[in-house]
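J.: Got a structure for you, written out below as structure tokens; questions coming shortly.
The values are calculated or read from the model by the stated rules, or taken from the named source; none is laboratory data. The structure presented is a predicted model; accordingly, all values stated were derived computationally and were not measured. Glycine gets a Cβ as well: all are built from the backbone with ideal geometry, and neighbour counts include every protein chain shown. With ligands, DNA and RNA removed, areas are computed over all heavy atoms of the protein, side chains included. Shrake-Rupley method; radii C 1.70, N 1.55, O 1.52, S 1.80 Å.
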Amino acid sequence: MSATRPKQVVCLSGGVGGARLCHGLARALPPEQLTLIVNTGDDFRHWGLYISPDVDTVMYTLADLADVARGWGLAEESFTTLEMVTRYGGETWFQLGDRDLATHVLRSQWLQEGQTLTAITGRLCGSLGVGATILPMSDAPCPTMIETVTGTLSFQRWLVQERAAHDVLRVFSNGDARASDQVLRAIEAADLVVFGPSNPYVSVDPILALPGVRERIARKPVVAVSPIVHGAAIKGPLARMLQTIGKTEPTPGAIAEHYAGLLTGLVVEHGDDASLPALMTHDGHALRVLASSTIMQTREQSLLLAREVLQFAENL
Ligand code: FO1
């Protein structure tokens, strides 16, 4: 971390765990020093609207508007629109709340008017008082597809409609999207890159797979927070995916191996450091490991972990 100019921190995030670390980082750093690069592989069209779940989860979380218990959407929510859609026989497997709908309606309208997802996200964040910069990873569609033993599904159909019932053979991106210029510039300007405690396969890999991203990140100090705690994922199908795709048991070491040498440091839950094998970074140094409290159920826990990550990075 350069001692002179203010440190620029970039965090790659997807899902609920990633959003919570972003929340802590947004309280630990001045807004002009933090850029959040968010997965858009989960995006899809529903009720004729463009839905961007991971962007909304980070935006709502940083605005303190997220429904913490549900893990997505807005608190103080009602679902009267959904009730009417049910009466009309419309699709109800993906539940859009009434207040959440305002985000999807305006994002869809502004996309139709030719605004970019990046510009729209900035506009929504401005209205919600979110100071940190939230960047969708791309302004072009790059839907994550899930190949299972029973066929290939779009991400939300697999995760939500099918409840991730079928084992995943392969995760791939259906498109040739490019990272936005803003994303590439943010990584180039970063003093530190953080991988949130997100599912590597469906939340971080889609970002790393965009042309130019991985090679830029490889030149930076990278700290990842393990999404696996004591052999399990806090939320979602990651443990099973490590077994079926990675052919490995769910451990923080498997997460570090998955990122194949990109990491400079790894933050794991207290106790998980003891079982870590000796891991190397891409330039042949030993991977530095910090044991911390990585489960973030409260804003305070998110802030404490963010501060530990930043302090850990200072000494890398
Ligand atoms: N996840 C569900 O399991 N069921 C839902 O009905 C659902 C609705 C939903 C609406 C808006 C939104 O932004 C997210 C929503 N999610 C729902 C979560 C979503 O599938 C995940 O947040 C990500 O795509 C994976 O992290």
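J.: Extension gain H270-A189, at 0.36 nm per residue separation less the Cα-Cα distance, in nm?
T.: That pair, H270 and A189, stretches by 26.0 nm at full extension.
J.: Around L279, under 15 Å between beta carbons, what's the net of Lys plus Arg minus Asp minus Glu among the other residues?
T.: -3
J.: Over the stretch 9-314, average the accessible area per residue using a 1.4 Å probe and give it in Å², no decimals.
T.: Value returned for the stretch 9-314: 42 Å² of accessible area per residue.
J.: Over the chain, what is the relative contact order in percent, taking alpha-carbon pairs closer than 8 angstrom and at least six residues apart?
T.: Averaging sequence separation for qualifying contacts and normalising by length gives 20 percent for the chain.
J.: Given Cα pairs under 8 Å that are at least 6 residues apart, what percent is the relative contact order of the stretch 227-316?
T.: 22 percent
J.: Right, something else. Counting only DSSP beta bridges with both residues in the stretch 194-316, tell me the antiparallel percent, nearest 5.
T.: Antiparallel: roughly 25 percent of the beta bridges in the stretch 194-316.
J.: Just want to confirm a number: the relative contact order over the stretch 182-269, from Cα pairs under 8 angstrom separated by 6+ residues, in percent.
T.: 30 percent
J.: Let me ask something else. Specify which residue in the list A189, W93, L62 is farthest towards the positive end of the charge dipole of the chain, using unit charges on the beta carbon of Lys, Arg (+1) and Asp, Glu (-1), about the Cα centre.
T.: A189
J.: Here is a follow-up. To one decimal place, what orientation-averaged projected area in nm² is obtained for the convex hull of the Cα set of the stretch 97-142?
T.: Averaged projected area of the stretch 97-142's Cα convex hull equals 3.6 nm².
J.: Would you please put 21-28, 286-293 in order of how densely packed they are, using the mean number of other Cβ atoms within 10 angstrom per residue and starting with the highest?
T.: 21-28, 286-293
J.: Using +1 at the C-beta of Lys and Arg and -1 at the C-beta of Asp and Glu, which of L128, L290, T264 has the Cα lying farthest in the positive direction of the dipole of the stretch 9-314?
T.: T264
J.: Mind jotting down the three principal axis lengths of the chain based on Cα atoms? Whole angstrom, largest first.
T.: Principal-axis extents of the chain (Cα, largest first): 60, 45, 37 Å.
J.: How much net charge surrounds G14 when only the other residues with a Cβ under 13 Å from the Cβ of G14 are counted, with Lys and Arg +1 and Asp and Glu -1?
T.: The answer is -3.
J.: Can you send over the carbon and sulfur percentage of the accessible area for the stretch 88-173, probe radius 1.4 Å, protein chains only?
T.: So the carbon and sulfur contribution to the accessible surface is 52 percent.
J.: Then there's this: Can you compute the modelled spin-label distance between T92 and H46, with each label point 7 Å from Cα toward Cβ, in nm?
T.: 1.4 nm
J.: In the neighborhood of L303, defined by Cβ-to-Cβ distances under 15 Å, what is the net charge if each Lys or Arg adds +1 and each Asp or Glu adds -1?
T.: Summing Lys and Arg as +1 and Asp and Glu as -1 gives +1.
J.: What is the projected area of the convex hull of the Cα atoms of the stretch 209-296, averaged over all directions, in nm²?
T.: It is 6.0 nm².
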